[in-house]
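What follows is one structure encoded as structure tokens, with my remarks underneath.
Nothing in this text is a laboratory measurement; each read-out follows from the coordinates by a stated rule. Just so it is clear, the model here is predicted, and its values are computed rather than measured. Cβ sites come from the backbone with ideal geometry, for glycine too, and all protein chains shown count toward neighbours.
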Amino acid sequence: MEWCNVYLLVISLCLCSILATHRSENKVEKRLSYVDTLIENLQSENWENDVVCYDKILEILHSARNSSLWAVWVLDSIQLPTGVLYGSKYQLGNYDECMKAVWLNTHPELRTKYCLADVQLTDVMPQKGGEFNPYGTMEPYINTKTKHARALNTITWGICVPSQCGKEGVAIFLRMLLRFSALGGLSSEPRISVDDCQLAGEPYLYGTGVSVFFYVILSLMIIAVASTWYLSVNDCETSDSILPKLAKVFCMNKNTYDLVKPSSDDIPALHGVRALTAFIFVLTHQVFFHNSAAVVNGLDVDKDLDMVLFTTHTDLLTDTFLLMSGLLLARGLATKEKLENPLLALWKRYIRLIGPMALMVYYMASVFKHMGDGPMWPRLVGYEQETCEKNWWLSLLMLNNYINSEEMCYIILWYIPADYQLTILGIALIYLCRRHRRLGMVTVGVVALLSVLLPAVDTYHQRLPATLIYDIETMINIRGNAVFNNTYIRSHHRVGAYLVGLAVGCLMAWYKPPQYRNIINKKWSTILFTLVFILAWIPLSMGGVFYIREYDVLEATAYAATNRIVWALAISGIIIICEYGHIPIVNNLLGWSAWVPLSRLSYGLYLTHPALIMYNVYSARAPLTQNPFTMLSHTFGPLVIGCLLSLVIWLLVHAPIIGLTNLKFGSKKQAPQKSLPEDSSPENNIGKVEINNVNNKIKIL
């Protein structure tokens, strides 16, 4: 009996050993089955046009089956599509793993390259859909667009391949890999378009433009430092020689003082409105550029857009800048005893705007592409660079919002030409009114009528939406949007807001706020402020209504003709109440002294912040998660850095240009008190008004 037990024990141990060995073999086979299946599928494809790519990929797969580090490294950087049904369009894998292998310098034969391809998963043109059956097939779902025009049947896929592979070989490999994903059953022949690839270990060459840019900045810094030092060691207050005058133009101490110093004839509320508007611009542009690139949670973004539809017409804020531009222009010219040559006034205005603008145009055309890298960097930044290389001259001539606007350099630069073109109109109207009052007033009336009719006619004739609809398609390709090109950036569609600013500027020139403070008592100030706030809210919130509402051409025409004028009237009402009325909370907020330098830096912030946002978004290695908190937190970086860069631009470029302009065209006799240079924002005024004493104050309300 004992021998039987021993015998059974030995047999059991042998069987366990055999089973364990069999299971181990099965585990090895299971671990290698994916690579084996890839090899099998690879051999079944037609590689006649790229045999070298086939050999190299086959070598990678065989080496990976043997756990070779270099081959597993390549396969580890490749990602099968995930999250596509939840709105994740970009499948980028691991870019750095592909491009920065640790043996790149010692084993150049193992070099790889990173390729970005657009994959059309189905041949169906997606349309907006409704409810879906979870037990049905996925084709009806993936062939639809979401409510906010997010297409789900296209992806952008980044993949690591041997350096010898051509575009056709990359497409074959992607098609093969797609079959192993959850989306493999959609189409046997998906359309794949491969971009130019980035080769690992390729020497990077900086263009001459980069050197020129940094040498110019370095030279300006040296001049500014030298001028500041020169004035600190020499008493030049009474000197009439040219060297001290030039040193004052570039002196950083003086320019910093001019930046923060309030002026007796300032409109305090304007500083607060301008600075706050610029900050909101940074936030909205952060959302805009973020949505135009890689987002991992697209359906969550759509839900967030549903919650904040009232913000879809925040582009009305640009009319706030135009309103202030017209206000300051009229206020500066309305009370001048003798008007200067209008061509000279326009030339001075152009010179003061063009310096920082030209710097950013050159940066975008020659430097920006060298500042980063990433899966999407060559595609997205490459397009920005191409447009600036092609159309930089249109920006400098202030014509880019009318000529070849579909390929506009640096998309935000439409505003500055529009502002300058409206300045030409404003100067012409003011000069005409001053010389021929009746003819001038008739002309103003005609222009005001046209400011309403032209947007209405264009909207009705072209059957355009009431406002620019910021859905996902528009954010991805705003340059190709019909509303953007035909109405949004055209200065003749912005005349209404500018005319309101001219009218308010004339009012403040004739009834100077310092002499009429608090003539509207607190009660009426509160009532009027509430009314104008509601008036401002109506056109702002209506943008969301038109977003979800069935299109009606008459409604769209009426809204397009009036919304910007209504907004300008409301904002000008707030400014008037702050200057002539008394609401402590609002007055203290908008009149806070800290807004003064931030307001004067708003021009530089406007120019620099999109480039900072684009750098963060376009250099991303993976799709970003978007939610209100991340958007808010990501906004502060470009906001703070943009203000610092704006300060640098002010000290090195903008303030010196203003100083040189004043030195060249200013009056020879200066008043004993120091005068504040014009505001640095694009809406700054041509000149400063003199404050006349008013003997009798008028009490109203």
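My understanding is that a pair violates if its Cα-Cα distance is over 28 Å; which of LYS254/LYS369; LYS100/LYS145; LYS261/LYS512; LYS369/LYS664 do that in this structure? Violating the 28 Å limit, Cα to Cα: LYS254/LYS369; LYS100/LYS145; LYS369/LYS664.
Here the Karplus relation 6.51 cos²θ - 1.76 cosθ + 1.60, evaluated at θ = phi - 60°, turns the backbone of the range 167-177 into coupling constants of 4, 5, x, 4, 5, 5, 5, 5, 4, 5, 5 Hz, with x for every Gly and Pro. When the alpha-carbon atoms of the range 137-178 are used, the pair Rg, Dmax equals 14.5, 43 angstrom. Under the shape rule built on the C-alpha gyration tensor, where the axes satisfy a ≥ b ≥ c, the range 493-648 is oblate, since a/c reaches at least 1.5 while a/b does not exceed b/c.
In vacuum, with every alpha carbon of the range 566-627 counted as one equal point scatterer, what does the Debye formula give for log10 I(q)/I(0) at q = 0.24, 0.30 Å⁻¹? Two decimals, please. The calculated log intensity ratios at q = 0.24, 0.30 Å⁻¹ are -1.01, -1.15.
For the range 251-665, the pair-distance distribution built from all alpha carbon pairs, in bins 20 Å wide starting at 0, is 25, 61, 14, 0 percent. Taken over the range 623-669, the ratio of Cα radius of gyration to 2.2 N^0.38 Å equals 1.98. Shown in residue order for the range 291-306 are the 3J(HN,Hα) couplings computed by the Karplus curve 6.51 cos²θ - 1.76 cosθ + 1.60 at θ = phi - 60°: 6, 7, 10, 8, 10, 8, 10, x, 5, 5, 4, 4, 5, 5, 5, 4 Hz (x for Gly and Pro). Put simply, the amide H of LYS145, placed in the peptide plane, has neighbours under 5 Å in GLN127, LYS128, GLY129, leaving out anything fewer than 5 places away on its chain.
Evaluated at 37 °C with a viscosity of 0.692 mPa s, what Stokes-Einstein diffusion coefficient in µm²/s does the chain have when Rh comes from the Kirkwood expression over alpha-carbon pairs? Estimated diffusion coefficient is 112 µm²/s. The charge dipole of the chain, taken about its Cα centre with unit charges on the Cβ atoms of Lys, Arg (+1), Asp and Glu (-1) only, comes to about 3620 debye. Computed over Cα pairs, the Kirkwood radius of the range 160-286 leads via Stokes-Einstein (1.567 mPa s, 4 °C) to a diffusion coefficient of 59 µm² per second. The range 622-650 and the range 530-569 have Cα centres separated by 30 Å. For the range 59-124, applying the loop criterion from DSSP together with a ceiling of 15 other beta carbons within 10 Å to the trypsin sites (Lys or Arg not before Pro) yields LYS100. The Rg/Rh ratio for the range 284-377 is 1.15, where Rg is the radius of gyration of the alpha carbons and Rh is the Kirkwood radius. Here the Karplus relation 6.51 cos²θ - 1.76 cosθ + 1.60, evaluated at θ = phi - 60°, turns the backbone of the range 640-653 into coupling constants of 5, 5, x, 5, 5, 5, 5, 4, 4, 5, 4, 6, 9, 10 Hz, with x for every Gly and Pro.
Using equal-weight Cα scatterers in the Debye expression, the normalised intensity of the range 31-199 in log10 at q = 0.17 Å⁻¹ is -1.03.
Seen from all directions on average, the range 226-293 presents a Cα convex hull projection of 7.9 nm².
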